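Reading through the C-alpha cells given below for one structure.
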Amino acid sequence: MDLIVYQIYPRSFCDSNGDGIGDICGIISKLDYLARLGVNAVWLCPCYKSPMIDNGYDVADYRSVAAEYGTLSDLKRLIDELHKRDMKLIMDLVPNHTSDEHEWFKQSRKSRDNPYSDYYYWVDSPPNGWQSMFEGSAWEYDGVRGQYYLHSYAAEQPDLNWDNPRVVAEMQAVVDYGVDLGVDGFRIDVIDQISKDFEGNRNCFGPRLHEYINALFGREKTRHVFTVGECWCDDIDEIKRHCAESRHELVTLFQFDHLMAGSADKWHSADNSPLRRIRDILIKWQNLTAKNDLIYSIFTDNHDNNFYLSRVGDSKNYRCESAMLIAAMFYLLKGVPFIYQGQEFGSVGSQFADIGDFRDVESVNYYNNRVGTVSHERLMEQINFGSRDNVRRPVAWNGGRYCGFSTAKPWIAPPSRAHEINLAADIASDKSVFRFYCRLINLRKSSDAIRYGDFRSLSGNGDDYFVYERVLGAERYTVVCNFDSVSQIEIPRGELILSNYNRSQSDKSDFRPYETAVYRG
Ligand code: GLC
Ligand code: CA
C-alpha cells in the first residue's frame, strides 16, 4: 500500500474568505504545501451540509456541501486539484446517524406510518439503558411522534436503522454519489455501530454488520475504493472478517490500543511514560497484521484526541525531539500512515482557564454535567487534557494575528502556544519537525523495504527503547527510538541516514532522551 494520508479537519485548516471558518478553497490553497510534505492522499472530515452540532458528523444532506465550507463545485475543484498532483481524496462517510435536520428524520418523526417511519429506531419506551457517547441516555423522547429514538451520540444525531433495507439502499446511493464525483476512498465513521446487538446489549457489532459493510463496498462499483473503518475492535478474528481481501468489506481499520495508552482515560493522563507500553502494542500489531496478511493503519493523532505529543511525549522540555521520536517510531512501520493536520510541525495541546474557549459538544456537556460537584479548576484541567478542541483549534501557519489561519477572529480560539509553535517558526528552526517529517516520508516513498519489508523488533520488554528492523531482500533499515532516559544501545550500524540530534556516523555514544536514528544496511 503506497498511500500516505493527511487528515484535514475543514473547519480548522485554512480560511480563504475571512469569515473565521476554514473552507474548501482554503484547503486548495494549501495543496502545494501538502505536496511539499510528500503525502499523496487527503482524508477530509465531513464537509456536508450540517447544523454543526458535532462539527459536521451530524449530516443534514449527504449530497451537498456546508455553505460555510463552500459549494459542490469547490469540492469538485478540490478533487481535480488533488488529482492533478497525483493525490487521492478520502471522504468521511457517516453512515451510523444523520442530523435531526436531515429530511429523513424530519419525515420520520412526523408519524408512525410514513414512508420514512422506520429509517430510525423508534420505541415506546427505552428497551435498555444504553448511554450516549456525549453524556446521558441514548434514548430521547420526541414529542412530535410521541416515541423515543436512539442516538448513540448527541440527541441531534439520531441513529439510522440499517435493518430497514431502504436505509441500506439510501446509503449505497450516497457512496455511489461520492464515487461518481471522483472520490477515491472513504473513512467510515463508527462503522461497527451500524448493526446493533440488541440481544447482547451492545449498540455495535450486531449480527448483520458484515452484510451491511459488504453491501456498501463489496459491489462492482465500489470494490476498487480505499476504505478505512473507524471500528473499536482488537479481536484479530473479527478484524480478519472485516479486512481479509476476499471479503470485500474494508481495506483496513483504525486500531486504537496505542492511542488510549497515552491516557488513563479520556480526561486524565497516564501515570507514567506510556512509551514502553506503546512499543509493545506496536510490536503486537505489526506481527499480527503480518501473520494474517492484513494492512495496519499507522497513526498517532486524529480529530478526537488531544495531540499525542502532549500525551506521550515531553511537550515542555523536549518538544521537537519527542515529536520526531514519535514520528520515526510510527511512520517507518509497515502499513498505511495517517498524519493529522498540525502534527507535522510539532503542535501540542492548549491551556485555557475558561470553558467559554471550548466549542466541542463532548467537552461542554462534560463540564456542564459536573460543574458544582467538581471544582472549576479541576474540570478545566481535565478538559484541557482531554478535549477534542485541542486538535480542532486553527492550524497555526505562522505567529501572526489569528496565526495565519484567517484574517478574522476564528470560530474557536487559536492554540494557546501558537505564537511559539507554528509552521513558519518550525521551518525557520534548526530543529524543524516539519523537515523531519519530509525526510521520513521521502524515505518511505523511496524504499520498498519500508513500505513492504518485514518487521522485526530488536528490543525486549525491559528495554527503555524500541529498536526495529525493516528488511526486504538485501535492503535493511534499523530504526532506533530511545525513550525518556539515556540508553546504551548496541546495534548493528550501517550508514546513518536520519537523526533528530545531529548525531554523526562515527558517534557511538549513548542515546539521549527521545533520540531517534535510522541506519541503512
Ligand atoms: C466518530 C468521530 C467523532 C464523532 C463521532 C460521531 O467517533 O470520529 O468525531 O463525534 O464519531 O459521529
Ligand atoms: Ca471561510
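The values are calculated or read from the model by the stated rules, or taken from the named source; none is laboratory data. Source: prediction; values computed, not measured. Methodologically, a virtual Cβ is constructed for each residue, glycine included, from the backbone with ideal geometry; neighbour enumeration extends over all protein chains shown. The accessibility values were calculated without ligands, DNA or RNA, using every heavy atom of the protein model including side chains. Shrake-Rupley method; radii C 1.70, N 1.55, O 1.52, S 1.80 Å.
Which residue, Gly70, Val312, Cys438, has the largest displacement toward the positive end of the dipole of the chain when charges sit on each Cβ (Lys, Arg +1; Asp, Glu -1)? Toward the positive end, the furthest listed residue is Cys438. Farthest toward the positive end of the dipole of the range 1-83, out of Pro10, Leu31, Met52, is the Cα of Leu31, where the dipole comes from beta carbon charges about the Cα centre.
Taking all protein chains into account, the per residue accessible area for the chain stands at 38 Å² (1.4 Å probe). Against the empirical curve 2.2 N^0.38 Å, the C-alpha radius of gyration of the range 99-233 lands at a ratio of 1.08.
Dipole magnitude for the range 407-489: computed about the Cα centre from +1 point charges on Lys and Arg Cβ and -1 point charges on Asp and Glu Cβ, it is near 400 debye. What does the net charge come to around Cys204 if you take all other residues with beta carbon closer than 10 Å to its beta carbon, with K and R at +1 and D and E at -1? That works out to 0.
Tally up the carbon and sulfur contribution to the accessible surface of the chain as a whole percent, 1.4 Å probe, everything protein left in place. Each step should come with its number before you reach the end.
Working: 9180 of 19780 Å².
C and S atoms contribute 46 percent here.
log₁₀ I(q)/I(0) of the range 80-161 at q = 0.12, 0.15, 0.16 Å⁻¹, via Debye over equal Cα point scatterers, no solvent, to two decimals? For the range 80-161, the Cα-only Debye profile gives -0.41, -0.55, -0.60.
Here the range 300-418 yields Rg over Rh of 1.00, to two decimals, using C-alpha coordinates and the Kirkwood radius. Multiplying the residue separation of Leu288 and Asn369 by 0.36 nm and subtracting their alpha-carbon distance yields 25.1 nm. Values of log10 I(q)/I(0) for the range 159-268 across q = 0.12, 0.16 Å⁻¹ run -0.44, -0.76, by the Debye formula with one identical scatterer at each alpha carbon and no solvent.
Compared with the rule-of-thumb size 2.2 N^0.38 Å for a compact globular protein, the range 339-402 has a Cα radius of gyration ratio of 1.23.
Note on the range 365-521: along the principal axes its Cα atoms extend 60, 39, 31 Å, ordered by decreasing extent. Near the amide H of Asp61, within less than 5 Å, lie the amide hydrogens of Lys49, all on another chain or at least 5 residues away, with H placed in the peptide plane.
Note on His376 and Asp430: their simple-model spin labels are 4.6 nm apart, each label 7 Å out from Cα toward Cβ.
Please give me the summed charge of the neighbours of His303: other residues whose Cβ is under 13 Å from its Cβ, Lys and Arg +1, Asp and Glu -1. It would help to have the intermediate numbers written out before the result.
Details: positive: Arg11, Arg187, Arg359, Arg388, Arg392, Arg393; negative: Asp54, Asp92, Asp189, Glu230, Asp301, Asp304, Asp360, Glu362, Asp389.
Charge balance in the 13 Å sphere: -3.
With R₀ set to 45 Å, the beta-carbon distance separating Tyr33 from Ala353 gives a calculated FRET efficiency near 0.85. Considering all C-alpha pairs of the range 429-521, those separated by over 15 Å amount to 61%.
What full-extension length gain, to one decimal in nm, is calculated for His224 and Ile236 as 0.36 nm per residue of separation minus the Cα-Cα distance? Could you put the intermediate results ahead of the total?
Working: separation 12, 0.36 × 12 = 4.32 nm, distance 2.38 nm.
Gain on stretching His224 to Ile236: 1.9 nm.
Working note: Karplus 6.51/-1.76/1.60 with θ = phi - 60° gives the range 48-61 the couplings 7, 4, 6, x, 6, 5, 10, 6, x, 7, 10, 8, 9, 7 Hz, where Gly and Pro are set to x.
Explain nothing, just the number: dipole magnitude of the chain about its Cα centre with +1 on each Lys and Arg Cβ and -1 on each Asp and Glu Cβ, in debye rounded to the nearest 20.
Values: 59 positive and 75 negative charges, 267 e Å.
Charge dipole, the chain, about its Cα centre: 1280 debye, nearest 20.
The Cα center of the range 389-452 and the Cα center of the range 161-184 differ in position by 35 Å. In this simple spin-label approximation, Arg456 and Asn442 carry label points 7 Å from Cα along the Cα→Cβ vector, and these lie 2.9 nm apart. Relative to its Kirkwood radius, the Cα radius of gyration of the range 221-279 gives an Rg/Rh of 1.13. With the biggest extent put first, the Cα atoms of the range 212-255 measure 30, 16, 16 Å across the principal axes.
Over the C-alpha atoms of the chain, the Rg to Rh ratio, Rh being the Kirkwood estimate, stands at 0.96.
May I ask for the net charge around His258, where only other residues with Cβ less than 13 Å from the Cβ of His258 are counted and Lys, Arg are +1 while Asp, Glu are -1?
Values: positive: Arg276, Arg277, Arg279, Lys284, Arg311; negative: Asp234, Asp257, Asp280, Asp301.
Local charge sum for His258: +1.
Applying D = kT/(6 pi eta Rh) to the range 118-180, where Rh is the Kirkwood radius over alpha-carbon pairs, T corresponds to 4 °C and eta to 1.567 mPa s, the Stokes-Einstein value obtained is 102 µm²/s.
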